[in-house]
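Peer 1: Okay, handing you the structure first.
The values are calculated or read from the model by the stated rules, or taken from the named source; none is laboratory data. Bear in mind that the values here come from a model prediction, so they are computed numbers and not experimental data. A quick note on method: Cβ atoms are made from the backbone with ideal geometry, for glycine too, and the neighbour counts reach across all protein chains shown. Accessible surface areas use protein heavy atoms only, side chains included; no ligands, DNA or RNA. Shrake-Rupley method; radii C 1.70, N 1.55, O 1.52, S 1.80 Å.
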Amino acid sequence: MNDRIQLPAGLVLRRWEASDAPAVRDAFAEPGMERQADAPLVTVSDAEQWVRRRQDQWGRGAAFGFAVADASGTALGGVAVSGLDARHATGWVSYWTGSAARGRGVATLGCRALADWCFAELELFRLELGHRTNNPASCRVALASGFAAEGLQRQKLAYDGVRYDVETHARLATDPAP
């Protein structure tokens, strides 16, 4: 299974490494990012555990997470597929970037490559994702990565006592490449 993919602009999609922990901690320390983590990420040790969970998930075939790294090897963000359903050949896509990488196409290039990898390596047919409707940047990534908007899940998420609508998107293996 290919676990390293060269992307345009000198970027690479690769498996998470222990040395990524400081970059992970820094990214998840940014305002709003703490909601994206599956556990609090305050220290480098927390981030090392986060990386180990990604590695363990990969090893079990439960989820496949990649760092999107620059030419120097620094992780700028991440893309992942989880919620795998072999019977229906589906998966759930997620992505994030640190603030320094936002607006540079890092998430879009990573998400496109992840989708292609999922269709080729995992033989998935349908990939899904969702984003809060108050996050237009995430919507732009989804659309630019070939994920068509499909619907609205009203007040699906709750953060700090506020409920948020979520827009869902999907990309099929038979869709044209973005």
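Peer 1: Of the numbered conditions (1) surrounded by 13 or more Cβ atoms within 10 Å (Cβ to Cβ); (2) under 20 Å from Met1 (Cβ atoms), Ala86 fails exactly one; give the number of that condition.
Peer 2: Looking at each condition in turn, Ala86 falls short on (1).
Peer 1: Let me ask you something else. Quick check on region 28-57: of everything there that is small (Gly, Ala, Ser) and assigned to a helix (DSSP H, G or I), which residue is nearest to Leu13 (Cα to Cα)?
Peer 2: Ala47
Peer 1: Right, another one. Please determine, by comparing only the residues of region 163-178 that are at pLDDT 95 or above and among the aliphatic types (A, V, I, L, M), which one is farthest from Gly91 (Cα to Cα).
Peer 2: Among those that are at pLDDT 95 or above and among the aliphatic types (A, V, I, L, M), it is Val166.
Peer 1: In contact (Cβ under 8 Å) with a residue 60 or more places away in the chain, open to solvent by less than 40 Å² (accessible area, probe 1.4 Å) and in contact with a strand residue (DSSP E or B) (Cβ under 9 Å, 6 or more places away or on another chain), is that true of Gly91?
Peer 2: So Gly91 fails the test.
Peer 1: Another question, if that's okay. Of the residues Asp46, Asp70, only one is within 30 Å of Arg163 (Cα to Cα) and either open to solvent by 10 Å² or more (accessible area, probe 1.4 Å) or among the acidic types (Asp, Glu) (or both); which?
Peer 2: Details: Asp70 fails: within 30 Å of Arg163 (Cα to Cα).
Among Asp46, Asp70, only Asp46 is within 30 Å of Arg163 (Cα to Cα) and either open to solvent by 10 Å² or more (accessible area, probe 1.4 Å) or among the acidic types (Asp, Glu) (or both).
Peer 1: Another one. Among the residues of region 58-72, which ones are outside any strand (DSSP E or B) and either touching a residue at least 40 places away in the same chain (Cβ under 8 Å) or within 14 Å of the chain's Cα centre (by Cα) (or both)?
Peer 2: Trp58, Ala63, Asp70, Ala71
Peer 1: Scan region 27-43 for residues that are of a type outside the set (Gly, Ala, Ser) and open to solvent by less than 80 Å² (accessible area, probe 1.4 Å) and jot them down.
Peer 2: Across region 27-43, the qualifying residues are Phe28, Glu30, Met33, Arg35, Leu41, Thr43.
Peer 1: Among the listed residues Leu143, Leu152, Leu109, Leu114, which satisfies the condition of being modelled with pLDDT of 95 or more, over 28 Å from Glu17 (Cα atoms) and in a helix (DSSP H, G or I)?
Peer 2: Every option except Leu143 fails the conditions.
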